[in-house]
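The values are calculated or read from the model by the stated rules, or taken from the named source; none is laboratory data. What you see is a predicted model; the values in this text were computed from it and never measured. Here the Cβ is made from the backbone with ideal geometry for all residues, glycine too, and neighbour counts use every protein chain on show.
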Amino acid sequence: MQIAEKLLFILNTPGLAVAEEGAFATAVELYAQHGLDLADCFAAAPVQQCGSHLASYDRGLDLGPDP
């Protein structure tokens, strides 16, 4: 996906500080891999990073381990 590539390019810009850089990168990866809404990926990324499960009515967000 072009958007994911461009976001990762921005993330890797020298001198640019990004808060929660790991979660940002995870969100972009989720977006590229699953084709979910980018906003949903930003919500799911920190949850996935800590190995937890995100409760949602959106079946596409079923990205964590089974409860």
Filtering the range 34-45 down to residues that are of a type in the set (G, A, S) and modelled with pLDDT of 85 or more, which residue is surrounded by the fewest Cβ atoms within 10 Å (Cβ to Cβ)? A39
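Looking at the range 6-33, which of the residues that are exposed (fewer than 14 other Cβ atoms within 10 Å of the Cβ) and in contact (Cβ under 8 Å) with a residue 12 or more places away in the chain is farthest from L61 (Cα to Cα)?
Restricting to residues being exposed (fewer than 14 other Cβ atoms within 10 Å of the Cβ) and in contact (Cβ under 8 Å) with a residue 12 or more places away in the chain, the top hit is L11.
Right, Q48: part of a helix (DSSP H, G or I), modelled with pLDDT under 85 and surrounded by 10 or more Cβ atoms within 10 Å (Cβ to Cβ) or not?
In short, yes.
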Within the range 1-43, which residues are among the polar types (S, T, N, Q), part of a helix (DSSP H, G or I) and more than 13 Å from the chain's Cα centre (by Cα)? Q2
